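Please read the structure below before turning to the comments.
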Amino acid sequence: MKTDVLILGGGLAGLSTARHLGGLGVRSRLVVEAKDRVGGTAGSRTAGGFTFDYTGHLLHLHDPYGRALILDLLKDNVAAHERRAWIFSRGAWTRYPFQANTRGLPFAVAVECAAGFLETVHRPRRLPRRPDFLSWSRATFGDGITRHFMRPYNEKLWGTDLSRLTTDWQGRFVPKPTASEVVYGALTDSNALFGYNATFRYPVRGGIQALPDALAAGLEPGVVRTGARVEAVDLREKAARIAGLGEVRYERLVNTLPLNVFLDLAAPLPAAVRAARRSLRWNAVWNLNLGVVREKVLGDRHWAYFPEKRFPFYRVGSASNFSPSSAPAGHSSLYVEASRPGGARVDVRRLEAAILKGLRAAGILRRGDELSVKEWMPIDVGYVVYDFAREAAVRTIFRHLGKAGVESIGRYGAWKYSFMEETILDGRRCAERLTGTPSAPEPAPGELRALK
Ligand SMILES: Cc1cc2nc3c(=O)[nH]c(=O)nc-3n(C[C@H](O)[C@H](O)[C@H](O)COP(=O)(O)OP(=O)(O)OC[C@H]3O[C@@H](n4cnc5c(N)ncnc54)[C@H](O)[C@@H]3O)c2cc1C
């Protein structure tokens, strides 16, 4: 088989590349996807009348083109929501983000957090050019907020000591309130909508799978092949071995598989690239989805963060609170997220027992609650760990892939922390580069930041 552009992976990045290449007149392109459906991490599964995503997959639309495209793809199958996100800590429910909502916590904790923040304003700390996340958090939010939320929550999520983590990932994802917002949030119940995810959209029916399905439906028949696992890529011969298809020869290659997976399949690679590959770190997200025979099991909250060590999960959400059609009447759904180092063996039965115990300890599940569905949907590569080795490793790898004529894009192909809209835009920019089309300007960092 031969194709001009071979696209590895049928998630949003791969599908978007194929769509935009088509729009620029490239008909000869092939997307190969290992699973039996498209969508990758932005896919859904159904079980027992529930539709489950890989945890929560909410649409944050910040770019005019991305917004227009996604809304056009989903047509009337989309609804807008105002985030209802909470934090459970010290036995109290407080609003997200923690740094601007400490009222409700034990009084001494709220005072420690507010006073620590004010200290940072009155006595700013000097930071090195590339600070570690822990020092940065103390300098930005103060010791109290770092101690009670930033450190325990992020160590749970990233599975690493925060002094080993850079701040390269956090610009858009960690909202920074003003001093008055911090004081206000310590004294009153303030529902100011901070952060990049303050509002979101979500399909009315079919879970987030509706989005990749709509992208795939716009492609000509035969462009996407599911059940087609990439087994090996010969970068010199420009040929890939694909299960069910045999050898596929290409002119240009677009990778959207996780970079670690791709590099393990690709050859030949120089020693420096193989060494860089070995230094890549990531987390797997162990996602347990539950169908509960009771309404509003998480109250009216969309999702909640759990910084404390006594809970094995860092976040729990309820899709039936933003998509009632995702659960049968009289039921609710829960997605529970626990993080483990990538590639580590996990005793799933033990983790499941600990999760159920934690959900009862938090008062989410009650004695006698019936679970009609328990479904694990793990994400093998969930979060790229931004440690101090990442930047140099990624530079070495991309320099080589560039010389070999390979584009590696998307959240995992580019080895970064990003969201669905950005992934779709990655595919557009990749198609533009491949066709030599002048690119739409990259969004300035501030454009996506949208702090409030
Ligand atoms: C826990 C979590 C929560 C998230 N929540 C949100 C959210 O609320 N909002 C948001 O906008 N974004 C969210 N994201 C990010 C979003 O999932 C990604 O930005 C996006 O889906 C990435 O798409 P992709 O195409 O780059 O990668 P992927 O979706 O991973 O696509 C890669 C594809 O490659 C396939 N593949 C792998 N190996 C092979 C092989 N050997 N052969 C062939 N195919 C292969 C995979 O099956 C997959 O389909 C979240 C991510 C995670 C992990």
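Could you pull out the residue among Ala100, Ala115 that is within 24 Å of the chain's Cα centre (by Cα), surrounded by 14 or more Cβ atoms within 10 Å (Cβ to Cβ), not assigned by TED's automatic domain parsing to the domain that holds Arg310 and not acidic (Asp, Glu)?
Going through Ala100, Ala115 in turn, just one is within 24 Å of the chain's Cα centre (by Cα), surrounded by 14 or more Cβ atoms within 10 Å (Cβ to Cβ), not assigned by TED's automatic domain parsing to the domain that holds Arg310 and not acidic (Asp, Glu): Ala100.
Could you tell me how many of the residues in the stretch 254-308 are within 30 Å of Ala329 (Cα to Cα), crowded, with 18+ Cβ neighbours inside 10 Å and not aromatic (Phe, Trp, Tyr)? Final tally of qualifying residues: 12. The residue that is nearest to the ligand (Cβ to nearest atom), counting only those in the stretch 220-247 that are assigned to a loop (DSSP other than H, G, I, E, B) and small (Gly, Ala, Ser), is Ala228. Only one entry in Arg340, Arg294, Arg310, Arg367 is among the basic types (Lys, Arg), within 16 Å of the ligand (Cβ to nearest atom) and outside any helix (DSSP H, G or I), namely Arg340. Restricting the stretch 248-275 to residues that are under 20 Å from Arg29 (Cα atoms) and in contact with a Lys or Arg (Cβ under 6 Å, 6 or more places away or on another chain), which is farthest from the ligand (Cβ to nearest atom)? Out of the qualifying residues, it is Arg249. For the stretch 273-291, taking the residues that are part of a strand (DSSP E or B) and among the hydrophobic types (A, V, I, L, M, F, W, C), the one that is farthest from Thr396 (Cα to Cα) is identified as Leu290. Applying the criterion of being in contact with a strand residue (DSSP E or B) (Cβ under 9 Å, 6 or more places away or on another chain) and at pLDDT below 95 to the residues of the stretch 105-131, the residue that is farthest from Ala304 (Cα to Cα) is Arg130. Answer yes if at least one residue in the stretch 49-70 is away from the ligand (no atom under 16 Å from the Cβ), modelled with pLDDT of 95 or more and surrounded by 14 or more Cβ atoms within 10 Å (Cβ to Cβ), and no otherwise. Yes, the stretch 49-70 contains at least one residue that is away from the ligand (no atom under 16 Å from the Cβ), modelled with pLDDT of 95 or more and surrounded by 14 or more Cβ atoms within 10 Å (Cβ to Cβ). Within the stretch 22-47, which residues are surrounded by fewer than 20 Cβ atoms within 10 Å (Cβ to Cβ) and either outside the structural domain of Ala214 (by TED's automatic domain parsing) or part of a strand (DSSP E or B) (or both)? Listed by number, the residues that qualify are Arg45, Thr46, Ala47. Remark: pairs (first residue in the stretch 55-84, of a type in the set (Phe, Trp, Tyr); second residue surrounded by fewer than 19 Cβ atoms within 10 Å (Cβ to Cβ); Cβ separation under 9 Å; 6+ apart in sequence or on different chains) = Tyr65/Ala440. Please find, within the stretch 328-347, the residue that is surrounded by the fewest Cβ atoms within 10 Å (Cβ to Cβ) out of those that are closer than 21 Å to Pro258 by Cβ and of a type in the set (A, V, I, L, M). Ranking the candidates gives Ala344 first.
Among the conditions (1) at pLDDT 95 or above; (2) out of contact with any Ser or Thr (no Cβ under 9 Å at 6 or more places or on another chain); (3) not charged (D, E, K, R), Ala275 misses just one, which is (2). For the stretch 90-110, residues that are part of a loop (DSSP other than H, G, I, E, B) and basic (Lys, Arg) total 1.
The values are calculated or read from the model by the stated rules, or taken from the named source; none is laboratory data. Nothing here was measured: the structure is a model prediction, and the numbers come from that model. Reconstructed Cβ throughout: ideal geometry from the backbone, glycine too, with neighbour counts over all protein chains shown.
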